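The values are calculated or read from the model by the stated rules, or taken from the named source; none is laboratory data. What you see is a predicted model, and the numbers here were worked out from it, not measured in a lab. Here the Cβ positions follow ideal geometry from the backbone for every residue, glycine too, while neighbour counts run over all protein chains shown. Please note that ligands, DNA and RNA were not included when accessible areas were found on the heavy atoms of the full protein model with its side chains. Shrake-Rupley method; radii C 1.70, N 1.55, O 1.52, S 1.80 Å.
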Amino acid sequence: MSIVFDARDRLWLLRTPATSYVLRLDEDDAPRHVHWGASLTLDQARQLAEVRAALADTESDPGGEELAVEGGLRYGVPSLIVQYGDATHGVEWRFLSQRIDEGRLEIVFTDRRYPLEITLHYRVREDSDAIERHVTLRHTGQGPSIEILRLDSAAWTLPPRPGYRLSHVVGEWGKEFQLQRGELARGETTLTSRTGITGHATNPWLMIDAGEATEEHGEVWSAALAWSGSWRITAFRDRRGWAGWSGGFGHEGLTWRLAPGDVLETPAFTGLYSAGGFGATSRGWHDHVRKHVLPAPDRVRPVVYNAWEATEFDYDEALQLDLAARAARVGVETFVLDDAWFGARTHDAAGLGDWWPNPGRFPKGLGPLIGEVRRLGMDFGIWVEPEAVNPDSDLYRRHPDWVLHTPGRRRTESRNQLVLNLARTDVAEWTHAWLDALVGENEISFLKWDMNRPFSEAGWPGRDDPDRLWIDHVRNVYAIIDRLRADHPGLFIEGCAGGGGRVDLGMLARVDQMWTSDNTDAAERVAIQHGYGQIYPACTMGAWVTDSPNSVTARTHWIRYRFHVSMAGALGVGGDLRTWSEDDLAWAAAFVEQYKRARPVIHGGTQYRLGTEATQYVSTDGREVVVLMYQPSALGRTRAPVRLTGLDPAGRYRDQATGDVHHGAVLLAHGIGAGLMPFDGTSEFVHLTRVD
Ligand code: GLA
């Protein structure tokens, strides 16, 4: 890892373990991209910069700005749209200074005429090929405010290639993270959320390859945004057919005001180049997220029990106690009480916002249930939805002005609820205070933080720059979670938004895991998990085993298959255990135990996708290997072998279940798991330990 500034050529070379990133200043001081890809020496970077500069000279708009501004003959996707007090638009770059500190680079510019300072930030690390970028703007003058109509975190430029393919995920509630891969169209392709949260429809990352990458080969350029509110990434192929993208927080139509002295800082937009195909790209992301994003990557992800799917709103203390006893029997480590424990919340139309135990359900408070859960040897967790309120609640009756609203407009409800304006300091303080008391005064070690609706009528009466709420709401959510973590160091937090509606690097920097989807049908989960795992590591992917037939899809699946699918993530159990047979409970206990032995490998190891039907995990010391294999249909009972990867051909590996010893060379060349499918399932779990 190193960063070099070549003052003569006004060029920077950033190096990660396997890649290089190069940018230069052109004669107008504009920061222009030179290279993002294979490692280069300074000499090579200089030559490439000359080639790019010569090419740029032939163009009226050479593109490739590190932050694309407006002005002159630029007509591409702008990363920064700015309007000064006199209505002038655009930026004329003037380079001021640069600073290199460890793995960080800051390049400071100003507009030639207006008091707008723009700093580009880069960060590289010695153990990751990820390059983290963001931008800060500062109003350095005394005069009128500056209106910011768009501020992306970074623009990324790809080298010319004959074609490009875009990979990203699309979805909706219950069908999140569906991987989509297709030609990047000429023109502009926008991935966005306008909902105030990350959203279900797509997720803030993308991968672009030259159309020829496979799972194990080929160049892939990717980037992921660390932001949990509205966002926008626009990928483009310009008139020459060349590609790149610009992205950042906020959606179109929002304006942020910069008063004299104000600073606006974007979230990080992290890029990763790999020459090893989609598999190496995903492994690079998993590694980066575990090393540099998650707050406590090594903390054991507990096996949770959560009765939401089993009971929804219909339960009392006795039922939770009954379920807790059964959960303890199958080896659950944390018992989570989901929605409907508070206020008048016995259905989804009342009580949200009234965060005290429902007196009918918990006449003596939460103490008896928590005490019993702990006596059974489990930790206790609880569900909250701090950003929302039911109009039918004491909170709303007291503070109708605390929600996002616009005078003269209706207050549109979704799931019978409105959104609290957490951008307001008083609302944020109140929110922190009750959460702090809840986890401080009870033995609560797990918090499920949910958020079940998008913003609407997002006004902030009394403010002259109300659009600030789109940023400040998210920042205050971050600040509350950060403060809770700091004050309650043992607290484990699960992020959730109607399933997987708020999964991103910003949330993952402060929660331990995510609730991936409200759809727990194992067969559908395989696709959801495949998309989730493109960027996010298995240790963050909450995955419950629920009932069969499934409550969302009504499909039936063997218990074995349901467990095997959930064991690929952070395993939980979410079925109505009262209805499980003694046999099923015994199976569940056995699977949970098997999972606990494999958990360090699945969560801490290296993940290889072996086609879409099998995933392999190898521990960091290479001595343990876990393979999960799924057969999509039970039709046809002969299964082809699954070839393993990442093993030592000279090593021998013992199957923990059967005791069989396999040569590494055979597993690599021929594979494992061939033969007849078992009658009771469409999946297989194998845990191998190296014997020599
Ligand atoms: C959301 C979550 C569920 C559950 C319910 C409770 O839908 O995704 O897991 O917590 O809310 O209302």
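How about the stretch 1-84: which GluC sites (Glu not before Pro) there lie in a loop by DSSP and see at most 12 other Cβ atoms within 10 Å?
Loop-located and lightly packed - GLU27, GLU59.
Using Cα-only point scatterers and the Debye equation, what is log10 of I(q)/I(0) for the stretch 216-296 at each q in 0.16, 0.18, 0.19, 0.26 Å⁻¹, rounded to two decimals?
The calculated log intensity ratios at q = 0.16, 0.18, 0.19, 0.26 Å⁻¹ are -0.82, -0.95, -1.01, -1.25.
With all protein chains present, calculate the accessible area of ARG240 using a 1.4 Å probe and round the result to the nearest 10 Å².
My reading of the accessible area for ARG240 is about 60 Å².
I'm a student and want to see the number: the projected area of the Cα convex hull of the chain, averaged over all directions, in nm².
For the chain, averaging the hull's shadow over all directions gives 31.3 nm².
If you take the beta carbon distance between ARG597 and ASP28 as r and set R0 to 56 Å, what does 1/(1 + (r/R0)^6) give as a FRET efficiency, to the nearest 0.05?
Between ARG597 and ASP28 the formula returns 0.35.
Using only protein heavy atoms and a 1.4 Å probe, report how much of THR606 is accessible, in Å² to the nearest 10.
So the heavy atoms of THR606 present about 50 Å² to solvent.
Per residue of the chain, what 222 nm ellipticity follows from adding -39500 (n - 2.57) for every DSSP H run with n ≥ 4, rounded to the nearest 500?
The helix contribution divided over the chain gives -6500 deg cm²/dmol.
For LEU447, which sequence-distant residues (separation of 5 or more, or a different chain) have an amide H within less than 5 Å of its own amide H, given hydrogens modelled in the peptide plane?
ILE382, PHE492, ILE493, GLU494
For the stretch 64-292, what is Rg from Cα atoms divided by 2.2 N^0.38 Å, rounded to two decimals?
1.03
Output needed for the stretch 1-106: three equivalent-ellipsoid semi-axes, defined as square roots of 5 times the C-alpha gyration tensor eigenvalues, in descending order, whole Å.
Each semi-axis is the square root of five times an eigenvalue, giving 26, 16, 12 Å.
Going by Cα centres, the stretch 276-332 and the stretch 191-232 are how many Å apart?
Value for the Cα centre distance between the two parts: 24 Å.
In the stretch 1-106, which trypsin sites (Lys or Arg not before Pro) fall in coil by DSSP and have 15 or fewer other Cβ atoms within 10 Å?
ARG8
Using r as the Cβ-Cβ distance of ALA669 and ARG329, and R0 as 30 Å, what FRET efficiency do you calculate, to the nearest 0.05?
0.10
Protein chains only, probe 1.4 Å: how do PHE95, PHE109 rank by accessible area, largest first?
Greatest to least solvent exposure: PHE95, PHE109.
Count the DSSP beta bridges whose two residues both fall in the stretch 304-602, then state the antiparallel fraction as a percent rounded to the nearest 5.
Roughly 15 percent of the DSSP beta bridges within the stretch 304-602 come out antiparallel.
Can you pull the semi-axes for the stretch 304-602, root of five times each eigenvalue of the Cα gyration tensor, sorted largest first, whole Å?
Gyration-tensor ellipsoid for the stretch 304-602: 33, 21, 18 Å.
To the nearest 0.05, what FRET efficiency results for ASP583 and ASP314 with a Förster distance of 25 Å applied to their C-beta separation?
0.40
Check ALA614: other-chain or 5+ apart residues with amide H under 5 Å from its amide H, H built from backbone geometry?
TYR630
Kindly provide the trypsin sites (Lys or Arg not before Pro) of the stretch 521-626 that DSSP labels as loop, not H, G, I, E or B, and whose Cβ sees at most 14 other Cβ atoms within 10 Å.
ARG555
With the calculation restricted to Cα positions, what are the radius of gyration and Dmax of the stretch 480-592 in angstrom?
When restricted to the Cα atoms of the stretch 480-592, Rg and Dmax are 15.1, 45 Å.
Would you mind checking LYS291/LYS596; LYS364/LYS596; LYS175/LYS596 for any pair whose Cα atoms are more than 24 angstrom apart?
In this structure, LYS364/LYS596; LYS175/LYS596 lie more than 24 Å apart at Cα.
If I stretch the segment between ARG112 and ARG239 completely, what's the gain in nm (0.36 nm per residue apart, minus their alpha carbon distance), one decimal?
Between ARG112 and ARG239, full extension yields an extra 42.8 nm.
In whole Hz, what ³J(HN,Hα) sequence does the stretch 339-352 give by Karplus (6.51, -1.76, 1.60; θ = phi - 60°), x for Gly and Pro?
Values, residue by residue: 3, 5, 9, 10, x, 9, 7, 9, 7, 8, 9, 8, x, 4 Hz.
Taking the full set of protein chains and a 1.4 angstrom probe, give the accessible area of VAL626 in square angstrom, rounded to the nearest 10.
The accessible area of VAL626 comes to roughly 0 Å².
Could you tell me what % of all Cα pairs in the stretch 544-687 have separations over 26 Å?
That fraction is 25 percent.
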